[in-house]
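Asker: One structure is given below, represented as structure tokens, and several questions about it will come after.
The values are calculated or read from the model by the stated rules, or taken from the named source; none is laboratory data. Predicted, not measured: the structure shown is a model, and the values here were computed from it. Don't worry about glycine lacking a Cβ; one is built from the backbone with ideal geometry, like all the others, and counts go over all protein chains shown. SASA here: full protein model, heavy atoms, side chains in, ligands and nucleic acids out. Shrake-Rupley method; radii C 1.70, N 1.55, O 1.52, S 1.80 Å.
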Amino acid sequence: MKYAENTTFWFVFCKSDLLLQKLGDEIYTVPTGDTPPTEVKPWTTIHDIEVPMMDGMKAKAYTIDMPVTDHPPYEMCGLRASYYKLPRVLYLAAGKCQEIMYWDQNTRFCGVCGGQMKMHTNISKRCEQCGKEVWPQLATAIIVLIRRGEEVLLVHANNFKRNFFGLVAGFVETGESLEEAVIREVTEEVGINIANIQYFASQPWPYPSGLMVGFTADYVSGEIKLQRSELAAGGWYNRHNLPELPEKLSIARHLIDSWLASFDDEKQ
């Protein structure tokens with residue numbers, strides 16, 4: 001669908017649910033227009049979000065206390081689920097909007113003097129008392145696909161809500177490189193040795209404010225010893241007999257799909 005150059009998109013959230021507008025059979029967008037699509041309270045903060053990929057179109061975001069119901073053509077949708085309904089550019093923009101508002105809600109007071117924080121620019125705040133400035137912070141995490149011939153190491157984390165198997169992942173610690181984080185997380189979580197660590201891709205992960213950095217690596221030696229405080233299960237899986245995999249929106253799935261496609265490339 002094409003939009004006018006100066007179109008304003010309204011990203012309206014109720015907790016983690018996003019307001020969508022249904023245009024037709026399985027066709028969705030976010031509300032557009034010169035005015036907000038819902039009632040705005042006098043104290044509501046409306047954020048102007050810079051989204052370069054939207055090619056000059058404007059993005060505004062705010063939160064509401066109660067979900068919109070019984071108001072066609074609007075409907076509420078979880079941010080994750082919106083990946084399967086929205087054009088990619090709008091899904092990514094929605095993720096950035098969610099991150100900005102999460103940051104806003106969690107930085108109301110200064111961490112230095114306790115004073116009130118006030119928006120200074122679209123992506124910064126300044127303390128009204130001591131002048132301390134803050135910007136949105138990202139939690140950087142690594143995720144790695146470890147291959148052994150036609151097998152891949154898959155794990156089921158304790159915090160997974162469904163019965164799918166994903167990849168070894170974890171947060172980068174202060175003072176270490178991304179590659180060092182890969183080695184440490186693999187050692188801690190599964191106890192094996194790896195080599196040939198290669199960068200794959202990165203992905204913003206607004207759940208609530210992360211950056212996932214993906215790698216591939218080759219198995220070298222060692223027996224799997226699961227870190228039970230983090231992982232419920234794990235092991236080597238042949239590419240012809242894989243368990244339930246992560247959703248397609250995740251970089252974990254992108255890594256796995258790319259690994260599977262590499263065998264088709266070898267046949268050509």
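Asker: Which residue out of Gly131, Gly175, Gly191, Gly149 is within 30 Å of Val51 (Cβ to Cβ) and among the small types (Gly, Ala, Ser)? Full working, then the answer.
Answerer: Details: Gly175 fails: within 30 Å of Val51 (Cβ to Cβ); Gly191 fails: within 30 Å of Val51 (Cβ to Cβ); Gly149 fails: within 30 Å of Val51 (Cβ to Cβ).
When all the criteria are applied, what remains is Gly131.
Quick grid of which residues meet (1) aromatic (Phe, Trp, Tyr); (2) in contact with a helix residue (DSSP H, G or I) (Cβ under 7 Å, 6 or more places away or on another chain); (3) under 26 Å from Ser250 (Cα atoms):
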| residue | (1), (2), (3) |
| --- | --- |
| Val12 | no, no, yes |
| Leu23 | no, no, no |
| Lys41 | no, no, no |
| Val68 | no, no, no |
| Tyr84 | yes, no, yes |
| Met101 | no, no, yes |
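Asker: Is it the case that segment 2-14 has a residue that's in a strand (DSSP E or B) and of a type in the set (D, E, K, R)?
Answerer: At the first step, the residues of segment 2-14 found to be in a strand (DSSP E or B) are 8-14.
From the residues that got through so far, the ones that are of a type in the set (D, E, K, R) too are none.
No, every residue in segment 2-14 fails to be in a strand (DSSP E or B) and of a type in the set (D, E, K, R).
Asker: Further question on the same structure: For Gly111, work out the one condition from (1) assigned to a loop (DSSP other than H, G, I, E, B); (2) closer than 18 Å to Pro136 by Cβ; (3) open to solvent by 90 Å² or more (accessible area, probe 1.4 Å) it doesn't fulfil.
Answerer: For Gly111, the exception is condition (3).
Asker: Can I ask one more? Counting only residues that are under 24 Å from the mean Cα position of the chain (by Cα) and among the aliphatic types (A, V, I, L, M), which one in segment 24-47 is most open to solvent (accessible area, probe 1.4 Å)?
Answerer: That would be Ile27.
Asker: Shifting gears a bit: Can you find, within segment 77-105, the residue that is most open to solvent (accessible area, probe 1.4 Å) among those that are touching a Ser or Thr at 6+ places or on another chain (Cβ under 9 Å) and polar (S, T, N, Q)?
Answerer: Gln105
Asker: Would you mind finding the one in Thr35, Thr44 that is more than 23 Å from Trp205 (Cα to Cα), touching a residue at least 12 places away in the same chain (Cβ under 8 Å) and in a loop (DSSP other than H, G, I, E, B)?
Answerer: Working: Thr35 fails: touching a residue at least 12 places away in the same chain (Cβ under 8 Å).
Going through Thr35, Thr44 in turn, just one is more than 23 Å from Trp205 (Cα to Cα), touching a residue at least 12 places away in the same chain (Cβ under 8 Å) and in a loop (DSSP other than H, G, I, E, B): Thr44.
Asker: Name every residue in segment 49-64 that is open to solvent by 70 Å² or more (accessible area, probe 1.4 Å) and either in a helix (DSSP H, G or I) or modelled with pLDDT of 95 or more (or both), in order of residue number. Step through it out loud before you land on a result.
Answerer: Step one: of segment 49-64, the residues open to solvent by 70 Å² or more (accessible area, probe 1.4 Å) are 50, 52-53, 55, 58.
The answer is Pro52, Met53.
Asker: Quick check on Thr121: is it open to solvent by less than 70 Å² (accessible area, probe 1.4 Å), among the polar types (S, T, N, Q) and farther than 17 Å from Thr8 by Cα?
Answerer: Working: open to solvent by less than 70 Å² (accessible area, probe 1.4 Å): yes; among the polar types (S, T, N, Q): yes; farther than 17 Å from Thr8 by Cα: yes.
Yes, satisfied.
Asker: Would you check which residues across segment 124-140 are over 26 Å from the mean Cα position of the chain (by Cα), in a strand (DSSP E or B) and either loosely packed, with under 12 Cβ neighbours inside 10 Å or in contact (Cβ under 8 Å) with a residue 12 or more places away in the chain (or both) and list them? Walk me through how you get there before you give the answer.
Answerer: Kept after step one, since they are over 26 Å from the mean Cα position of the chain (by Cα), are these residues of segment 124-140: 126-132.
This time we only want the ones that are in a strand (DSSP E or B), so: 126-127.
Cys127 - this is the single residue of segment 124-140 that is over 26 Å from the mean Cα position of the chain (by Cα), in a strand (DSSP E or B) and either loosely packed, with under 12 Cβ neighbours inside 10 Å or in contact (Cβ under 8 Å) with a residue 12 or more places away in the chain (or both).
Residue-wise test of (1) open to solvent by 70 Å² or more (accessible area, probe 1.4 Å); (2) under 17 Å from Gly234 (Cβ atoms); (3) more than 21 Å from the chain's Cα centre (by Cα).
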| position | (1), (2), (3) |
| --- | --- |
| Val168 | no, yes, no |
| Gly191 | no, yes, yes |
| Ala195 | no, no, yes |
| Ser202 | no, no, no |
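Asker: Taking segment 217-268 as the search range and keeping residues that are more than 24 Å from the chain's Cα centre (by Cα) and among the acidic types (Asp, Glu), which one is nearest to Leu145 (Cα to Cα)?
Answerer: Among those that are more than 24 Å from the chain's Cα centre (by Cα) and among the acidic types (Asp, Glu), it is Asp218.
Asker: Restricting the search to segment 213-231, which residues are open to solvent by 50 Å² or more (accessible area, probe 1.4 Å), closer than 14 Å to Gly170 by Cβ and in contact with a strand residue (DSSP E or B) (Cβ under 7 Å, 6 or more places away or on another chain)?
Answerer: Glu230
Asker: Got a number for residues in segment 153-176 being at pLDDT below 95 and at positive phi?
Answerer: Final tally of qualifying residues: 0.
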